[in-house]
Amino acid sequence: RMAAAPPSYCFVAFPPCSKDGLVVFGKNSARPRDEVQEVVYFPAAEHDPGSKVECTYIEIEQVPKTHAVVLSRPSWLWGAEMGANEHGVCVANEAVVTREPASESEALLGMDLVRLGLERGATAKEALDVIVALLEEHGQGGNYYEDGSSCHTFQSAFLIVDRNEAWILETSGKYWAAEKITEGVKCICNQLSLTTKIDAEHPELRNYVKSQGWWNGDSDFNFSEVFSLADDHLACCSGRESLEKQGGDVSAQAMIDVLRDKDSGVCVDSESFLTTASIVSVLPQDPSFPCIHYFTGTPDPSRSIFKPFIFVDDVKLVPKVQSPSFGNDDPAKKIPRFQEKPDRRHELYKAHEWARSLLESDQDKGQKLMRIMLDLEKQGLEAMEDILSRTEILDPAEVVDLFYDCVDTELKFFK
């Protein structure tokens, strides 16, 4: 039996389930327990004709212009688990297992496709088109983990969201299907979820599955049934009910609460996996308001705080949530790969380890620290609500160092 895919969870809520004409997006990224995620920003850029871009394992053609992006990513790879771009597009991926074994040969990772979609797509549909075109051209494959002893490979699913709509994209090799969502609450996890409502698909998808003998062409075409192993695709999302219970009030805070919930399994803390980072994004349907993206940059959202980021020109970089760079000496870049594991912890991650040991050794002090942290988070959330309820346009100078200051304040509390 193939190795289980890490149990990440992605959510989106649309009005009328969410508050005040906001689209709310969230993801818990479940990864190997000791993996470090960093939060990185790349400004928009123009590229010379014929230039290439070096992804995690392969080099591909660069495009003339890439959008500004903010990403939460395992710090050894090029792509991202989740992120957003300056046009209010958010993308998150899920590793999934299908009846087709994922390729071990190095190609694009699902995480690379997240970043490529964000850098090249100004709407959710554009990002989807980018991802499926690159899948067709380069394929997906290669090790999902920084592990020199064995190759862990998966197929990919994506949740792609903008201010107006979302797309659930599920893939197996280069074949794919997608469903468009404009209302309600949706959750995707580490199993296929698309059934018979398919709004876009690979042109050869149905011929391919017929040729494999997986579908006879007579019954309704059900993507999950055709591509899943046994009954994998039945029970998915435990967090969806809690969001639906909010009844029209899904807010950033409600999404954060769902991501923190260990009892439901959405916040993963198991022998093999941990929620190593989380994101919540609030996308106002009215384009005159800014999108707000909250990142933890640290493991376990129930012990982390969500810090806001808003795209403006010259946004201040935050080295304290960036892992050290090892350049071409990085064992992830040398062949054979991953022969050693360098220390990738950034400053905020290290401070968190200290706080976690305090929580475990001195409950009173730990609880007190956690209360201070949550209060800090609440101030951030309230300040952002204020920005979204104003009538005047946001002055970029007001938020240019927003994320920087939040990380800085968090570090000061730990000290």
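The values are calculated or read from the model by the stated rules, or taken from the named source; none is laboratory data. Treat the numbers as computed from the prediction; the structure is a model and nothing was measured. Methodologically, a virtual Cβ is constructed for each residue, glycine included, from the backbone with ideal geometry; neighbour enumeration extends over all protein chains shown. In case anyone asks, the SASA skips ligands and DNA or RNA and just uses the protein heavy atoms, side chains included. Shrake-Rupley method; radii C 1.70, N 1.55, O 1.52, S 1.80 Å.
For Thr123, the shell of other residues with beta-carbons less than 13 Å away shows a net charge of -1, using +1 for Lys and Arg and -1 for Asp and Glu. Each label was represented as a point 7 Å from its Cα along the Cα-to-Cβ direction; for His47 and Asp129 these points are 1.8 nm apart. Look at the dipole of the chain built from charges on Cβ: of Asn164, Val268, Asn85, the Cα furthest out on the positive end belongs to Val268. Helical runs (DSSP H, four residues minimum) scored at -39500 (n - 2.57) apiece and divided by the length of the chain put the mean residue ellipticity at 222 nm at -8000 deg cm²/dmol. Backbone phi angles across segment 249-264, fed through the Karplus curve with coefficients 6.51, -1.76 and 1.60 (θ = phi - 60°), yield HN-Hα couplings of 10, 5, 10, 4, 4, 5, 5, 4, 4, 5, 5, 7, 7, 7, 4, 7 Hz in residue order; Gly and Pro are listed as x. Overall, segment 1-99 carries a charge dipole of about 500 debye about its Cα centre when +1 sits on the Cβ of Lys and Arg and -1 on the Cβ of Asp and Glu, all other atoms neutral. Given the choices [x] 1.02; [y] 0.94; [z] 1.52, Cα Rg over 2.2 N^0.38 Å derived from the coordinates of this structure is entry [y]. At full extension, Arg371 and Ala122 could sit 85.8 nm farther apart than now, given 0.36 nm per residue minus the alpha carbon distance. For Leu388, neighbours were defined as the other residues whose beta-carbon sits under 14 Å from its Cβ, and their charges (Lys and Arg +1, Asp and Glu -1) total -4.
Quote the charge dipole size of segment 9-411 about the Cα centre in Debye, to the nearest 20; the model charges only the Cβ of Lys and Arg (+1) and of Asp and Glu (-1).
460 debye
Within segment 168-182, list the residues whose amide N lies under 16 Å from a label point set 7 Å along Cα→Cβ of Ser105. Within reach of a label on Ser105, which here means backbone N under 16 Å from a point 7 Å along Cα→Cβ, segment 168-182 contributes 173-175.
Between Ser270 and Lys197, what length comes free when the chain is fully extended (0.36 nm per residue of separation minus the Cα-Cα distance, one decimal in nm)?
Full extension from Ser270 to Lys197 adds 22.9 nm.
Remark: relative contact order (segment 9-411) = 18 percent; criterion is Cα-Cα distance under 8 angstrom and separation of 6 or more residues. What does the net charge come to around Cys17 if you take all other residues with beta carbon closer than 14 Å to its beta carbon, with K and R at +1 and D and E at -1? Cβ neighbours under 14 Å give a net charge of -1. 3J(HN,Hα) along segment 32-41, derived from phi through the Karplus expression 6.51 cos²θ - 1.76 cosθ + 1.60 where θ = phi - 60°, amounts to x, 3, 8, 7, 9, 9, 10, 10, 10, 10 Hz, with x in place of Gly and Pro.
Each of Lys245 and Ile393 was given a label point 7 Å from its Cα along the Cα-to-Cβ line. The distance between the two points is 4.3 nm. Projected onto the charge dipole of segment 9-411 (+1 at Lys/Arg Cβ, -1 at Asp/Glu Cβ, origin at the Cα centre), which of Pro16, Thr298, Leu194 gives the Cα projection farthest towards the positive end? It is Thr298.
Would you mind checking Lys316/Lys350; Lys350/Lys378; Lys262/Lys365; Lys125/Lys197; Lys65/Lys174; Lys65/Lys350 for any pair whose Cα atoms are more than 27 angstrom apart? Display every interim value, and only then the final one.
Values: Lys316/Lys350 22 Å; Lys350/Lys378 23 Å; Lys262/Lys365 22 Å; Lys125/Lys197 17 Å; Lys65/Lys174 25 Å; Lys65/Lys350 36 Å.
Too far apart for the 27 Å limit: Lys65/Lys350.
With contacts taken as Cα pairs under 8 Å at a separation of at least 6 residues, segment 266-365 carries a relative contact order of 19 percent. Taking the charge dipole of the chain about its Cα centre, with +1 at Lys and Arg Cβ atoms and -1 at Asp and Glu Cβ atoms, the residue from Ala3, Asn328, Tyr404 reaching farthest to the positive side is Ala3. For segment 130-135, backbone phi angles converted through the Karplus equation (6.51, -1.76, 1.60; θ = phi - 60°) give residue-by-residue couplings of 4, 4, 6, 5, 5, 4 Hz, Gly and Pro being listed as x.
Would you please name the GluC sites (Glu not before Pro) within segment 234-327 that are DSSP coil residues with at most 12 other C-beta atoms within 10 Å of their C-beta? Filter output for segment 234-327: Glu271.
I'd like to check one number: the per residue accessible area of the chain, probe 1.4 Å, reported in Å² as a whole number.
So the chain comes to 42 Å² accessible per residue, rounded to a whole number.
Between Ser270, Ser251, Ser72, the residue with the greatest mean-square fluctuation in the GNM of the chain (Cα pairs under 10 Å linked by springs) is Ser270.
Here the accessible area of segment 20-82 is 51 percent carbon and sulfur, with a 1.4 angstrom probe and all protein chains present. If you take the beta carbon distance between Asp408 and Arg356 as r and set R0 to 22 Å, what does 1/(1 + (r/R0)^6) give as a FRET efficiency, to the nearest 0.05? Efficiency for this residue pair is about 0.65. The modelled label-to-label distance for the pair Asp20/Asn328, using points 7 Å beyond Cα in the direction of Cβ, is 5.1 nm.
With a Förster radius of 22 Å applied to the C-beta separation of Lys180 and Gln285, the computed FRET efficiency comes to 0.90.
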